[in-house]
Amino acid sequence: MKVAIVGAGVVGLTTAVELQKEVKGIDVTIFADKFYKDTTSYVAAGLFRPGTSFAGPTQEITKKWIVDSYNYWDKIRVTPESPKAGITEISGYIFSSEHKHLTRNHYIEDVVPLYRSATEDELNLCPGNWKYGSFFRTILTECTRYLPWITEKYTALGGRIHQKSINSFSELTDFDLIINCSGLGSKLLCKDHKIVPIRGQVLKVNAPWLKTFFYGDFDTYIIPGFETVTLGGCRQYDSYDLNVNKFDSMAIQERCYSLVPSLKKAEIVTEKVGLRPHRDPVRVEKELIEVNGKRIKVVHNYGHGGYGVTTAPGTALYAVKLVKESLSGNSKL
Ligand SMILES: Cc1cc2nc3c(=O)[nH]c(=O)nc-3n(C[C@H](O)[C@H](O)[C@H](O)COP(=O)(O)OP(=O)(O)OC[C@H]3O[C@@H](n4cnc5c(N)ncnc54)[C@H](O)[C@@H]3O)c2cc1C
């Protein structure tokens, strides 16, 4: 069986390796026009925290994706490979001066090992009039390390990689099935108008003294990683601008410095912009496409928005289940 995967971000690579593990001897080739530093995945801070608006086709499936994802990350976290894979445990606070519901997360409160209300003392940890807060422990996956680590696993299992822009699935008719993990690229590849970019900008700063993450109101977040601390952010709907915007940068710095003043002395290492591939619902489903009289089996796995690092493993497992159904011959699709 020959399978082509379009996309080499966190979703494509995780799906590829799950498929290799599940279907022994399968011949997998990844096609992508961008890799590693040039993907959206590379920009992400990588905190395991799905937004409460993240949605699969049903509540039940969405929850399963989240639980499966947590278990996937946690399994790697407790191995000696975890630093190389960029995976670690991390704790921190989410504060709001406006709304209690912003500090809660119905998806993960019963999944992560600890999720509780912040105490009065903790509400005074950071400057600001914080009325509500939660403290929780979760997982961080830094794609700067995870993408090379998972690529190594993939090639060790016999996977191939081609740098190529795919303009139509008809270019891949030599394969028995295509898995589409092209993120925002699906807008053109599938003519899918439901997928929209949500632009994000972050600063990566050198602040090794910070070990705790902090979220404040209005998309303010401070997330320590392995080498740098990510300061964010913004969410600009339907913006395709990949340039660093100096006004966004100033606003991020002002908000983050007022939340954690010690960051004022942190050196700025780099600034990054990424376009979150937002779709409601995230599309993980089978499709049979007819091209020049030939039927092509496709399994889609795209549209993870701002939560693709968090949820890539869960949707990957689900996509692999659909691939197995499609290839078994019992499925019309
Ligand atoms: C500022 C910012 C912060 C974030 N923080 C977090 C976070 O803390 N936690 C979290 O879970 N998520 C976070 N995210 C979201 C996360 O980055 C995305 O959800 C995730 O990277 C999507 O992964 P992907 O593999 O679908 O897409 P991508 O990483 O964009 O990969 C898409 C791949 O498809 C390829 N491709 C597309 N079209 C074609 C084509 N036509 N032909 C060939 N190849 C094609 C591309 O080259 C690329 O290899 C953040 C995003 C941003 C921008």
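Does the range 31-54 include one or more residues that are away from the ligand (no atom under 12 Å from the Cβ) and crowded, with 17+ Cβ neighbours inside 10 Å?
Among the residues of the range 31-54, not one is away from the ligand (no atom under 12 Å from the Cβ) and crowded, with 17+ Cβ neighbours inside 10 Å, which makes the answer no.
Looking at the range 51-99, which of the residues that are out of contact with any His (no Cβ under 7 Å at 6 or more places or on another chain) and modelled with pLDDT under 95 is nearest to residue 143 (Cα to Cα)?
51
Given the condition open to solvent by 40 Å² or more (accessible area, probe 1.4 Å), in a loop (DSSP other than H, G, I, E, B) and of a type in the set (A, V, I, L, M), answer yes or no: does some residue in the range 257-270 qualify?
no
May I ask you to verify whether residue 302 is hydroxyl-bearing (Ser, Thr, Tyr), under 17 Å from the mean Cα position of the chain (by Cα) and assigned to a strand (DSSP E or B)?
yes
Does residue 76 count as among the aliphatic types (A, V, I, L, M), outside any helix (DSSP H, G or I) and open to solvent by less than 40 Å² (accessible area, probe 1.4 Å)?
So residue 76 does not fit the description; no.
The values are calculated or read from the model by the stated rules, or taken from the named source; none is laboratory data. Note that the structure is predicted; figures quoted are calculated from it, not measured. Neighbour counts are summed over all protein chains in view; Cβ atoms, including those assigned to glycine, are modelled from backbone coordinates with ideal geometry. Surface accessibility is based on the protein's heavy atoms, side chains included, excluding ligands, DNA and RNA. Shrake-Rupley method; radii C 1.70, N 1.55, O 1.52, S 1.80 Å.
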